[in-house]
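Read through the structure below, which is laid out as structure tokens, and then see the notes.
The values are calculated or read from the model by the stated rules, or taken from the named source; none is laboratory data. Computed from a predicted structure; not experimentally measured. Cβ placement follows ideal geometry from the backbone for every residue including glycine, while neighbour counts extend to all protein chains displayed.
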Amino acid sequence: MMKSSIGNLKSSIDNVPEHVAIIMDGNGRWAKQHGLPRLKGHEEGTQSVRAVLRAARQAGVKYLTIYAFSTENWIRPKDEVEGLMKLLARFADRYGDELLENKVRLLVMGQFERLPSSVQKKLSKLMEKSAKDYEYTLIVALSYGSRTEIADAAKAIAREAAAGELDPESVDEETIAKHLYLPDVPDPDLMIRTSGELRLSNFLLWQLSYAELYVTDTFWPDFREKEFFQALDAFDQRGRRYGGIVTQKGR
Ligand code: IPE
Ligand code: IPE
Ligand code: MG
């Protein structure tokens, strides 16, 4: 049976994930497929961000994390890196109001200080404005690498221990989680990767420990509302066991 159409989605999905994380991949391949320069793929990808954010709100997903630029992506050709940074600035300019109108708070995770200062300024302003009155949270992973994040957490914990503020014997999972970039954000329930690659590419290694994984061959610029709802449907069918033997669904 076809479970859901976009219109009655909310009524047909029992378990809506609270937090969805997405590796937005395949912009370059989409561009190549259309005989366009890679940057056109990134540009088209920003429309998927808008569409998926809209769909996520409609479904009641509270947190959406999107992997927009990794610590490894800095090794790409200068033109592409610059183009991506410009696109980010343009996204903030064009769609900042849309975020505010829809009560979406913006958070950024990653090495913020490595971004061009003009981009930092625009994003900071939007983060500040959107923090006041919000229902949904959009987290953009920018110059983000999970190993760096975990190493930074280890450094902070070591410092506190050296300063006598923390007993090394007390360090547990919660201590580490509290020292990650966004300690107040719940772990993702569902991780989507577009364009078929079966790897994490240094994305949220700690936080994804028990996330359900969903990979689609669709390139990111072609991933819109319909594809997002399909991923939510797939999530709804999963039985999460967390190491035990039964699920809420009894399988
Ligand atoms: C994802 O698309 C966007 C970024 C990593 C910035 P890609 O640019 O990786 O596209 P492909 O993987 O080359 O198709
Ligand atoms: C992952 O995509 C990073 C982002 C989506 C920002 P990549 O295209 O950089 O990943 P790899 O190189 O295929 O692992
Ligand atoms: Mg890629």
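Are there any pairs with C-beta distances below 7 angstrom linking a residue in the range 134-146 that is farther than 19 Å from ALA56 by Cβ and of a type in the set (Gly, Ala, Ser) to a residue that is surrounded by 24 or more Cβ atoms within 10 Å (Cβ to Cβ) and at pLDDT below 95, with the two at least 6 apart or on different chains, and if so which?
Hits for this filter: zero, empty list.
Would you mind stating whether ARG147 is in a helix (DSSP H, G or I), basic (Lys, Arg), over 19 Å from the mean Cα position of the chain (by Cα) and at pLDDT 95 or above? If you could, list the steps in order and put the result at the bottom.
Values: in a helix (DSSP H, G or I): yes; basic (Lys, Arg): yes; over 19 Å from the mean Cα position of the chain (by Cα): no; at pLDDT 95 or above: yes.
Criteria not met by ARG147.
Restricting attention to the range 50-59, does a residue exist that is within 16 Å of ligand 3 (Cβ to nearest atom), surrounded by fewer than 21 Cβ atoms within 10 Å (Cβ to Cβ) and not aliphatic (A, V, I, L, M)? If you could, list the steps in order and put the result at the bottom.
Initially, the range 50-59 is screened for residues within 16 Å of ligand 3 (Cβ to nearest atom), giving none.
Looking through the range 50-59, none of the residues is within 16 Å of ligand 3 (Cβ to nearest atom), surrounded by fewer than 21 Cβ atoms within 10 Å (Cβ to Cβ) and not aliphatic (A, V, I, L, M).
Scanning for something surrounded by fewer than 16 Cβ atoms within 10 Å (Cβ to Cβ), away from ligand 2 (no atom under 15 Å from the Cβ) and of a type in the set (Val, Ile, Thr), does the range 233-245 turn up at least one residue?
yes
Mind listing whichever residues of the range 29-42 are within 15 Å of ligand 2 (Cβ to nearest atom) and surrounded by fewer than 21 Cβ atoms within 10 Å (Cβ to Cβ)? Break it down stepwise before answering.
Step one: filter the range 29-42 for residues within 15 Å of ligand 2 (Cβ to nearest atom), giving 29-32, 38-39, 41-42.
Matches in the range 29-42: ARG29, LYS32, ARG38, LEU39.
What pairs can you find where one residue is in the range 19-32 and within 10 Å of THR194 (Cβ to Cβ), the other is within 11 Å of ligand 3 (Cβ to nearest atom) and part of a strand (DSSP E or B), and their Cβ atoms are less than 9 Å apart, with a gap of 6+ or different chains?
ILE22/TYR67; ILE22/ARG193; ILE23/TYR67; ILE23/ARG193; MET24/TYR67; MET24/ARG193; ASP25/TYR67; ASP25/ARG193
Only one of SER195, SER209, SER201 is closer than 23 Å to VAL61 by Cβ and more than 16 Å from ligand 1 (Cβ to nearest atom); which?
Checking each option against the conditions leaves just SER209.
Within the range 175-190, does at least one residue satisfy the condition of being in contact with a Pro (Cβ under 6 Å, 6 or more places away or on another chain) and modelled with pLDDT of 95 or more? I'd like the intermediate steps shown before the answer.
To start, the set of residues in the range 175-190 that are in contact with a Pro (Cβ under 6 Å, 6 or more places away or on another chain) comprises 189-190.
After this cut, where a residue has to be modelled with pLDDT of 95 or more as well, the list is 189-190.
Yes, some residue in the range 175-190 is in contact with a Pro (Cβ under 6 Å, 6 or more places away or on another chain) and modelled with pLDDT of 95 or more.
May I ask you to say which residue of GLU113, GLU135, GLU169 is under 30 Å from ARG38 (Cβ atoms) and exposed (fewer than 13 other Cβ atoms within 10 Å of the Cβ)? If you could, list the steps in order and put the result at the bottom.
Working: GLU135 fails: under 30 Å from ARG38 (Cβ atoms); GLU169 fails: under 30 Å from ARG38 (Cβ atoms).
None of the other options fit; the residue is GLU113.
Each row is one residue, and each column tells you yes or no for (1) out of contact with any helix residue (DSSP H, G or I) (no Cβ under 9 Å at 6 or more places or on another chain); (2) touching a residue at least 60 places away in the same chain (Cβ under 8 Å); (3) in a helix (DSSP H, G or I).
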position: GLY41; (1), (2), (3): no, yes, yes
position: ARG57; (1), (2), (3): yes, yes, yes
position: VAL61; (1), (2), (3): no, yes, no
position: TRP74; (1), (2), (3): no, yes, yes
position: ARG90; (1), (2), (3): no, no, yes
position: TYR95; (1), (2), (3): no, no, yes
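Residues being in contact (Cβ under 8 Å) with a residue 40 or more places away in the chain and over 23 Å from SER143 (Cβ atoms): count how many of those fall in the range 187-211. Full working, then the answer.
Going residue by residue through the range 187-211, those that are in contact (Cβ under 8 Å) with a residue 40 or more places away in the chain are 187-197, 200-208, 211.
From what's left, over 23 Å from SER143 (Cβ atoms): 189-190, 196.
Summing the residues that are in contact (Cβ under 8 Å) with a residue 40 or more places away in the chain and over 23 Å from SER143 (Cβ atoms) in the range 187-211 gives 3.
Do we have LEU64 as touching a strand residue (DSSP E or B) at 6+ places or on another chain (Cβ under 9 Å), modelled with pLDDT of 95 or more and within 15 Å of ligand 3 (Cβ to nearest atom) here?
On the way: touching a strand residue (DSSP E or B) at 6+ places or on another chain (Cβ under 9 Å): yes; modelled with pLDDT of 95 or more: yes; within 15 Å of ligand 3 (Cβ to nearest atom): no.
For LEU64, the condition - touching a strand residue (DSSP E or B) at 6+ places or on another chain (Cβ under 9 Å), modelled with pLDDT of 95 or more and within 15 Å of ligand 3 (Cβ to nearest atom) - is not met.
Out of the residues in the range 212-247 that are part of a loop (DSSP other than H, G, I, E, B) and touching a residue at least 60 places away in the same chain (Cβ under 8 Å), state the one that is farthest from ARG193 (Cα to Cα). Steps first, please.
Filtering the range 212-247 for residues part of a loop (DSSP other than H, G, I, E, B) gives 216-219, 223-224, 238-247.
Then keep just the ones that are touching a residue at least 60 places away in the same chain (Cβ under 8 Å); that gives 218-219, 223-224.
Details: THR218: 9, PHE219: 9, PHE223: 10, ARG224: 13 Å.
Looking at residues that are part of a loop (DSSP other than H, G, I, E, B) and touching a residue at least 60 places away in the same chain (Cβ under 8 Å), I get ARG224.
Which number in (1) within 16 Å of ligand 1 (Cβ to nearest atom); (2) closer than 24 Å to ARG199 by Cβ; (3) loosely packed, with under 15 Cβ neighbours inside 10 Å marks the one condition that ALA68 misses?
It is condition (3) that ALA68 fails.
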